[in-house]
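Asker: Structure in structure tokens, see below.
The values are calculated or read from the model by the stated rules, or taken from the named source; none is laboratory data. Treat the numbers as computed from the prediction; the structure is a model and nothing was measured. Here Cβ is always computed from backbone atoms with ideal geometry, including for glycine, and neighbour counts include all displayed protein chains. Ligands, DNA and RNA are stripped out before the accessible areas are found, and what is left, the full protein with its side chains, is counted by its heavy atoms. Shrake-Rupley method; radii C 1.70, N 1.55, O 1.52, S 1.80 Å.
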Amino acid sequence: MASYKEIVTKAVVGKGKKNFTTTHTVSPEVVPTTILGCWVINNTFEGKKDKDSVNITGHFDVNIWYSSENNTKTEVVKDTVNYSEEVPIKSTDDSYEGNEEIIVRAVRQPSCTKAEIKDGSIVYTIEKTLAAEVVGDAKIKVGINDEDFEDDSNDKDNIEQEIEESVNEDFIN
């Protein structure tokens, strides 16, 4: 006779991923001559579910190293960028409602893909890829067949005995 058991576990009930490209402008105190480098650090974010999407809010710091005074001196300008992005979620379970956990990851950390000088300011482009998963409770039904149950606990003892008998204790000698 078959009976059923329900297993309660956590499962991904929705997920999504999106690429973002944004352009920002910073005006340093000292007029730049040449861009020497651009680094993005300290990316911090969190996500909240909103119907069929996850809203991700966060910020990161951009450090731009540049030369000034006709390439005779160098300076660094720091810019903190706040962002709010929306990642659409494809649901794997439309009937799901309940306690849910939002997991947000940066698939590709923010990085500067372009930086140039325009009218004494620095215009730079940032690209990033963010992903979100919605995790919730799920139930799995498992069929149990009690009729054909065989006790195989003696098999373990037999295997251990066969191993002991086949070991050659004088192998190293």
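Asker: What are the ³J(HN,Hα) values, in whole Hz, obtained from phi via the Karplus relation 6.51 cos²θ - 1.76 cosθ + 1.60 with θ = phi - 60°, for each residue of the stretch 34-44 in sequence order, with x given for Gly and Pro?
Answerer: Each residue's phi maps through the Karplus curve to give 9, 7, 9, x, 9, 10, 10, 9, 6, 6, 10 Hz.
Asker: From Cα pairs below 8 angstrom and at least 6 apart in sequence, can you work out the relative contact order of the chain, rounded to a whole percent?
Answerer: 34
Asker: While we're here: Ignoring solvent entirely, what values of log10 I(q)/I(0) come out of the Debye formula for the stretch 27-116 at 0.11, 0.16, 0.23, 0.24 Å⁻¹ when each Cα is a single scatterer?
Answerer: Rounded to two decimals, the profile gives -0.48, -0.74, -1.11, -1.17.
Asker: Per the Cauchy relation, a quarter of the hull surface: what is the mean projected area of the convex hull of the alpha carbons in the chain, in nm²?
Answerer: The number I arrive at for the chain is 22.0 nm².
Asker: Now for a different question. In whole percent, how big is the carbon plus sulfur part of the accessible area of the chain, probe 1.4 Å, protein atoms only?
Answerer: 45
Asker: When only Cα pairs under 8 Å and 6 or more residues apart are kept, what is the percent relative contact order across the stretch 34-73?
Answerer: Once normalised by length, the contact order is 50 percent.
Asker: Would you check the stretch 1-113 for Lys pairs whose C-alpha atoms are within less than 30 Å, ignoring same-chain pairs closer than 8 in sequence, and give me the count?
Answerer: So the count works out to 25.
Asker: Give me the net charge of Asn55's neighbourhood, meaning all other residues with Cβ under 13 Å from the Cβ of Asn55; Lys, Arg count +1, Asp, Glu -1.
Answerer: Result for the local shell: -1.
Asker: Same structure, new question: Give me the Kirkwood hydrodynamic radius of the stretch 1-78 in Å, from all C-alpha pairs, to one decimal place?
Answerer: 17.4
Asker: Can you tell me the accessible area per residue over the chain, all protein chains present, probe 1.4 angstrom, in square angstrom?
Answerer: Dividing the accessible area of the chain by its residue count gives 71 Å².
Asker: Summing +1 for each Lys or Arg and -1 for each Asp or Glu, what net charge is found among the other residues whose Cβ lies under 12 Å from the Cβ of Ser27?
Answerer: -2
Asker: Rounded to whole Hz and in sequence order, give me ³J(HN,Hα) for the stretch 71-77 from the Karplus expression 6.51 cos²θ - 1.76 cosθ + 1.60, θ = phi - 60°, writing x for Gly and Pro.
Answerer: Each residue of the stretch 71-77 in turn: 6, 9, 9, 10, 9, 10, 10 Hz.
Asker: Estimate the FRET efficiency between Val135 and His59 by the formula 1/(1 + (r/R0)^6), using the beta-carbon distance for r and 25 Å for R0, to the nearest 0.05.
Answerer: E(calc), rounded to 0.05, equals 0.50.
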